[in-house]
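Visitor: Submitted below is the structure of interest, expressed as structure tokens.
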């Protein structure tokens with residue numbers, strides 16, 4: 001085996017700068033995906049057939065289409081149709097947020113349905129408006145139930161951001177590949193990138209466990 005990690009030491013700061021880019025994509029996508037996912041989940045439990053049908057159809061589209069295809073469509077096809085040049089950060093966040101929302105909506109819907117129906121009936125009988133009941137009573141309990149699933153979605157989103165390297169964004173993977181091409185070695189820089197991703201996932205997992213413990217203590 002001809003391995004020499006000393007060759008990439010000078011390039012490590014360049015690769016590490018990709019952490020900020022990766023986290024920017026992940027956090028923005030998670031924020032917008034969560035907001036849209038909550039709205040979709042409310043559509044799915046709505047008695048309005050149009051809203052319900054739209055949410056179900058929307059989810060089926062993103063479940064049945066590879067994420068990299070959706071990213072390519074938004075980044076390369078949208079400019080063709082609109083004439084507007086879209087930046088990688090825009091196309092990446094839009095794609096990941098729309099995709100994450102489809103899965104988040106199903107998770108939240110399941111969490112809402114897991115809350116005892118008696119609480120809804122009691123709130124409505126006391127004259128609590130539907131919106132206030134959902135935001136103040138049902139959703140807080142649902143989030144406690146779905147926290148592990150939401151963490152898994154966050155981890156998947158963090159790893160999915162590596163796809164932005166295909167549209168030219170200087171994330172961790174793209175920087176690792178640039179170093180590999182410059183040094184004519186691939187194992188060392190890509191392994192370094194993999195270790196960084198693993199460390200971020202472990203930090204995210206550890207933070208989620210701490211949050212879960214605090215939520216249990218607050219019960």
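Visitor: Starting from the Cα-Cα distance between residue 27 and residue 143, subtract it from 0.36 nm times their residue separation and give me the gain in nm to one decimal. Before the final figure, lay out each step's value.
Guide: Numbers: separation 116, 0.36 × 116 = 41.76 nm, distance 1.84 nm.
The residue 27-residue 143 span can extend by a further 39.9 nm.
Visitor: What order do you get for 35, 167 when you list them from fewest to most C-beta neighbours inside 10 Å?
Guide: 35, 167
Visitor: Also, I was wondering about something else. Taking Cα atoms, how many degrees apart are the long axis of helix 187-217 and the longest axis of the chain, rounded to 10 and kept between 0 and 90?
Guide: Between helix and principal axis, roughly 20 degrees.
Visitor: How much length, in nm to one decimal, is gained on full extension between residue 69 and residue 156, taken as 0.36 nm per residue of separation minus their Cα-Cα distance?
Guide: Full extension from residue 69 to residue 156 adds 29.6 nm.
Visitor: Relative to the longest principal axis of the chain, what angle (0 to 90°, nearest 10) does the C-alpha long axis of helix 18-44 take?
Guide: Approximately 20 degrees, to the nearest ten.
Visitor: Now a separate question. What is the distance, in nm, between label points placed 7 Å from the Cα along the Cα-to-Cβ direction at residue 89 and at residue 191?
Guide: About 3.4 nm, to one decimal.
Visitor: Can you give me the distance in nm between label points at residue 125 and residue 61, each placed 7 Å from the Cα along the Cα-to-Cβ direction?
Guide: So the label points at residue 125 and residue 61 sit 4.2 nm apart.
Visitor: Which of 38, 128 comes first, and how do the rest follow, when ranked by fewest Cβ neighbours within 10 Å?
Guide: Taking fewest neighbouring Cβ atoms as first place, the list is 128, 38.
Visitor: Just to confirm my numbers, what's the Cα centroid distance between the range 1-67 and the range 74-140 in Å?
Guide: Distance between centres, Cα-based: 13 Å.
Visitor: Gain in length, residue 19 to residue 114, computed as 0.36 nm per residue apart minus the alpha-carbon separation, to one decimal in nm?
Guide: So the chain would gain 30.5 nm between residue 19 and residue 114.
Visitor: Compute from the Cα atoms of the range 1-55 the Rg and the Dmax, the latter being the longest Cα-Cα distance, and quote both in angstrom.
Guide: Expressed in Å, the Cα Rg and Dmax of the range 1-55 come to 21.7, 64.
Visitor: Return the inverse of the average 1/r over all pairs of distinct C-alpha atoms in the range 81-169, which is the Kirkwood hydrodynamic radius, in Å to one decimal.
Guide: Taking every pair of different Cα atoms in the range 81-169, averaging 1/r and inverting gives 15.5 Å.
Visitor: Could you give me the percent of Cα pairs per 10 Å distance bin for the chain, shortest bin first, beginning at zero and ending with the bin that holds the maximum distance?
Guide: Spelled out bin by bin, the chain gives 8, 26, 29, 21, 11, 4, 1, 0 percent.
Visitor: Specify the angular offset, from 0 to 90 degrees and rounded to the nearest 10, of the alpha carbon long axis of helix 49-63 from the longest principal axis of the alpha carbons in the chain.
Guide: 20
Throughout, read-outs are computed from the coordinates displayed, never taken from laboratory work. Quick caveat: nothing in here was measured; it's all calculated off a predicted structure. Here Cβ is always computed from backbone atoms with ideal geometry, including for glycine, and neighbour counts include all displayed protein chains.
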